[in-house]
Amino acid sequence: MTTVELSREEIEAVCLAALTVHGAAAGNARPVARAIAMAEAAGNRVCGLYYLPIFCRHLAIGKVDGGAIPEVSARGVTVTVDARSGFAHPAIAAGTPALIDLARSNGLGAMAVRNSYNCLALGHHVHPLADAGLIGICVSNAPAAVAPPGAAAALFGTNPLAFAVPSKEGTPAILVDQSLSAVTKTEMILRRDRGEAIPAGWAQDRNGQPTTDAAIGLKGSLLPAGGRKGANVALLVEVLAAALTGSVLSTEASAFGNDEGGPPHVGQFLIAIDPGHFSAGRFSEAIDNLVASHEAAGVRLPGHSGRKQAVFVDADLWKKVRLLSEPEDTR
């Protein structure tokens, strides 16, 4: 595979241009472009440029509304945001300042986002909460692709979960972002396209039988991480992100990866917690000790690792992305 070396800023600028050319308002496109570029810079290819052509296509056919203006309302310690069939990123960003204020004033706050779209890497959405000195938790449901143990059909999505824990330096001391499937659907597609086998335990066929063939697994269903225990956590995510927010269940959502159906209308649920309201001033010390104990054991906690200055992107994909960023009459 031939690659091209780029900066995160170059990637973000081209993504912003591509999204606006295909109908997204600049204010909506900007946080999406930033999230894609940050995912690429972190080496998270399955949440990066891979999705940009899909997003542009969905803008063109109306599967996502690039001009949607999120509707934010607050009551008590809760914030609700209606994404109105638009991108998840501007919807979550629109409600985050109120969420932070509520957590600081009351010790915690919760935010429900409904009628949303693919929110890519959830770590992107909890990072600002940790930057504000808060513990941030985010969950999202996704179109059904995962079958719990014993089921022959997919009943919930990859249903990712992320959390970030602040450090006294003002950056996350811990940042975890993971799907609750054994593998992401995007990784399965990439393996299929490369003709590579998948490990046992990633997927099953249409009859509920294990497979190591990515193409067969995509026609069947993914398997949950951690078997029944992982499936139970994914079920909790479904309750919080879909049922609680007033969004559609994973089994009702249109796919993120194709043009069939209308807007997916999935949901996200976020919780922000101010440690100062609970820990009697010992939180930072406890986190420092937690980090130190892991390092002493030879284990590094998942956390903020900084952003690479240079990113290596598949040359063919970059060519396709650059073409998407050009006005139609110049292509």
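How big is the antiparallel share of DSSP beta bridges in the chain, given as a percent to the nearest 5? Walk me through the intermediate numbers first.
Values: 39 of 45 bridges.
Percent antiparallel among DSSP bridges in the chain is about 85.
Probe of 1.4 angstrom, ligands and nucleic acids ignored: what's the accessible area per residue over region 1-59, in square angstrom? Can you show the working numbers first?
On the way: 2150 Å² over 59 residues.
That works out to 36 Å² for each residue.
Could you tell me the distance between the Cα centroids of region 251-314 and region 162-239, to the nearest Å?
Between the Cα centre of region 251-314 and that of region 162-239, the gap is 16 Å.
Apply the Karplus curve 6.51 cos²θ - 1.76 cosθ + 1.60, θ = phi - 60°, to the phi angles in region 165-179 and return the couplings in whole Hz, x for Gly and Pro.
With the stated coefficients, region 165-179 comes to 10, x, 10, 6, 7, x, 10, x, 7, 9, 9, 10, 9, 8, 7 Hz.
Quote the charge dipole size of region 160-209 about the Cα centre in Debye, to the nearest 20; the model charges only the Cβ of Lys and Arg (+1) and of Asp and Glu (-1).
On the way: 6 positive and 6 negative charges, 23 e Å.
Using only the charged Cβ atoms, the result is roughly 100 debye.
Would you kindly compute the Cα radius of gyration of the chain and its largest Cα-Cα separation (Dmax), both in Å?
Using the Cα atoms of the chain, the pair Rg, Dmax is 19.7, 62 Å.
Please say if region 7-53 is rounded, prolate or oblate, where rounded means a/c under 1.5 for a ≥ b ≥ c the square roots of the C-alpha gyration tensor eigenvalues, and otherwise the choice is prolate for a/b larger than b/c and oblate otherwise?
Details: a/c = 2.10, a/b = 1.71, b/c = 1.23.
Prolate, since a/c reaches 1.5 and a/b exceeds b/c.
Percent of alpha carbon pairs in region 191-275 separated by more than 22 Å? Before the final figure, lay out each step's value.
Numbers: 1576 of 3570 pairs.
Value for region 191-275 (Cα pairs over 22 Å): 44 percent.
Along region 277-285, what does the Karplus equation 6.51 cos²θ - 1.76 cosθ + 1.60 (θ = phi - 60°) give for ³J(HN,Hα), rounded to whole Hz, x for Gly and Pro?
Per-residue couplings from phi come out as 7, 10, 9, 6, x, 9, 4, 4, 4 Hz.
Give me the distance in nm between label points sitting 7 Å out from Cα along the Cα-to-Cβ direction at H277 and D101, one decimal.
Each label point lies 7 Å from its Cα, and together they span 1.5 nm.
Send over the per residue convex hull volume for region 177-331, Cα only, as a whole number of Å³. Mind dumping the intermediate values first?
Working: hull volume 37.0 nm³, N = 155.
Hull volume normalised by residue count: 239 Å³.
Determine Rg/Rh for region 214-254; Rg is computed over alpha-carbon atoms and Rh is the Kirkwood hydrodynamic estimate from the same atoms. Write out the running numbers ahead of the final one.
Details: Rg = 12.2 Å, Rh = 11.5 Å.
That ratio equals 1.06.
Whose amide H sits under 5 Å from the amide H of T3, counting only residues 5 or more places off or on another chain, with H placed in the peptide plane?
Distant-sequence amide H within range of T3: A315.
Residue by residue through region 3-18, which ³J(HN,Hα) values in whole Hz follow from phi under the Karplus form 6.51 cos²θ - 1.76 cosθ + 1.60 (θ = phi - 60°), with glycine and proline marked x?
Per residue, the Karplus-derived 3J(HN,Hα) values read 10, 10, 8, 9, 9, 4, 5, 4, 5, 4, 5, 5, 4, 4, 5, 5 Hz.
How large is the accessible surface per residue of region 216-305, computed with a 1.4 Å probe and reported in Å² as a whole number?
Working: 4710 Å² over 90 residues.
On a per-residue basis, 52 Å².
First compute the accessible area of the chain with a 1.4 Å probe, then give the percent of it belonging to carbon and sulfur atoms. List each step's numbers first, then the result.
Working: 8080 of 14890 Å².
In the chain, the share of accessible area belonging to carbon and sulfur is 54 percent.
Please get the size of the charge dipole for the chain, origin at its Cα centre, with Cβ charges of +1 on Lys and Arg and -1 on Asp and Glu, quoted in debye to the nearest 20. Let's see the in-between values first.
Numbers: 27 positive and 30 negative charges, 76 e Å.
I would put it at about 360 debye.
Helix-derived [θ] at 222 nm for the chain: sum -39500 (n - 2.57) over DSSP H runs of at least 4, divide by residue count, nearest 500? Could you put the intermediate results ahead of the total?
On the way: 10 runs with 120 residues, N = 331.
Helix contribution divided over all residues of the chain: -11500 deg cm²/dmol.
Defining a contact as two alpha carbons under 8 Å apart and six or more residues distant in sequence, what relative contact order in percent does the chain show?
Numbers: 777 pairs, mean separation 74.9, N = 331.
Reported relative contact order: 23 percent.
Between L244 and Q209, what length in nm is gained on full extension when 0.36 nm per residue of separation is reduced by their alpha carbon distance?
Numbers: separation 35, 0.36 × 35 = 12.60 nm, distance 3.29 nm.
Additional length available on full extension: 9.3 nm.
When the chain is fully extended, how far beyond the present Cα-Cα distance does L235 get from A197, taking 0.36 nm per residue of separation?
Working: separation 38, 0.36 × 38 = 13.68 nm, distance 2.83 nm.
Net length gain for the segment: 10.8 nm.
Per residue, what volume in Å³ does the convex hull of the Cα atoms of region 71-193 enclose? Don't skip to the end; give the middle numbers.
Details: hull volume 16.2 nm³, N = 123.
Dividing the Cα hull volume of region 71-193 by its residues yields 131 Å³.
Would you pull out the residues with amide H under 5 Å of L108's amide H, same chain only if 5 or more places away, H placed 1.01 Å from N?
Close amide H contacts, sequence-distant or interchain: D274.
For a label point 7 angstrom out from the Cα of M1 toward its Cβ, which stretches of region 49-63 have the backbone nitrogen within less than 14 Å?
49-51
Would you list which aspartates and glutamates come within 18 Å of K63, measuring only between C-alpha atoms, while excluding same-chain residues fewer than 8 positions from it?
D82, E252, D259, E260
Could you give the semi-axes, largest first, of the ellipsoid that matches region 1-108, computed as the square roots of 5 times the alpha carbon gyration tensor eigenvalues and rounded to whole Å?
Working: eigenvalues 166, 64, 20 Å².
So the three semi-axes of region 1-108 are 29, 18, 10 Å.
Give the calculated FRET efficiency between R57 and K219 to the nearest 0.05, with a Förster radius of 30 Å applied to their Cβ-Cβ distance.
Working: r = 22 Å, r/R0 = 0.73.
Between R57 and K219 the formula returns 0.85.
Note the full-extension length gain between L190 and D259 as 0.36 nm times their separation in residues minus their Cα-Cα distance, in nm to one decimal.
Numbers: separation 69, 0.36 × 69 = 24.84 nm, distance 1.84 nm.
Contour length minus Cα-Cα distance gives 23.0 nm.
Can you divide the C-alpha Rg of region 149-240 by 2.2 N^0.38 Å and report the result to two decimal places? Present the calculation step by step, with values, prior to reporting the outcome.
Details: Rg = 15.3 Å, N = 92, 2.2 N^0.38 = 12.3 Å.
Against the empirical 2.2 N^0.38 Å value, I get 1.25 for region 149-240.
The values are calculated or read from the model by the stated rules, or taken from the named source; none is laboratory data. Keep in mind that this is a model prediction, so the values were computed, not measured. In this analysis, Cβ positions are derived from the backbone assuming ideal geometry, glycine residues included, and neighbour counts consider all displayed protein chains. In case anyone asks, the SASA skips ligands and DNA or RNA and just uses the protein heavy atoms, side chains included. Shrake-Rupley method; radii C 1.70, N 1.55, O 1.52, S 1.80 Å.
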